[in-house]
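FYI, it's all coordinate maths here, none of it is from the lab. All values derive from a computational prediction rather than experimental measurement. Note that each Cβ is placed from the backbone with ideal geometry, even for glycine, and that neighbours are counted across all protein chains shown.
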Amino acid sequence: MAETTDQSQYDRKVLVPYVPTPEVVVDRMLQLANVGPDDVVYDLGCGDGRIVLQALAKYNVKKAVGIEIREDLVKVARSKINELSLGSRAQILHGDMFEVDLSEATVVTLFLLTSVNNMLKPKLEKELRRGSRVVSHEFEIHGWAPSKVEVCSNGYLKHKIYLYMR
């Protein structure tokens, strides 16, 4: 039985390549979620920490947490947070997003494949409080009806953003 669990954890770790979210999309995701000073934002698969940084610097959220499996990206994100002296309200966790408790989040941001979003769905349903918002860049969460779907452009490509309310 342990081999199956180990294999599924390995599979989750390699399902999503790192592709940075364009800054204009980061900003629009946070706007759609209506983030503000009372929010705790969790970015699952945070990469270089750009959503965490923007949530803190521009939207003054209470707290922002990024979760990233790749150690090199964790180092980059932590370095940026230190450069901007945002460490008191920011946290970058090196680990598996499936293993982190999300119950304090009021907003969760995603740029994951639909298959990964669907794997996360039971965790989100179990751990997020009523009124929490989930914002997904490009990929849907099957079985959930989005409150809003918007397309924005970074000047070259169009990007679809899904807002879900729990």
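Secondary structure note: in the chain, about 40% of the DSSP beta bridges are antiparallel. Which lysines have a Cα less than 19 Å from the Cα of K62, not counting those fewer than 8 places away in the same chain? Those lysines meeting the cut-off are K80. The alpha-carbon atoms of segment 2-165, seen along their principal axes, cover 44, 36, 35 angstrom, with the largest extent given first. Segment 81-113 and segment 21-77 have Cα centres lying 7 Å from one another.
Please rank H137, H159, H94, fewest neighbouring Cβ atoms within 10 Å first, as an exposure proxy. Lowest to highest Cβ neighbour count: H94, H159, H137.
Ignoring aspartates and glutamates fewer than eight residues from K63 along the same chain, the ones with Cα atoms less than 12 angstrom from its Cα are D38, D39, D43, E104.
A DSSP coil position with no more than 14 other Cβ atoms inside 10 Å describes the following chymotrypsin sites (Phe, Trp or Tyr not before Pro) in segment 129-166: Y156.
Counting only residues at least eight positions apart within a chain, or on another chain, the aspartates and glutamates with an alpha carbon under 12 Å from that of K158 are E138, E150.
Sorting D96, D39, D27 from the fewest to the most surrounding beta carbons within 10 angstrom yields D96, D27, D39. Just check segment 22-95 against the gyration tensor rule for me: Cα atoms, a ≥ b ≥ c as the square roots of the eigenvalues, rounded for a/c under 1.5, and otherwise prolate or oblate depending on whether a/b exceeds b/c. Prolate.
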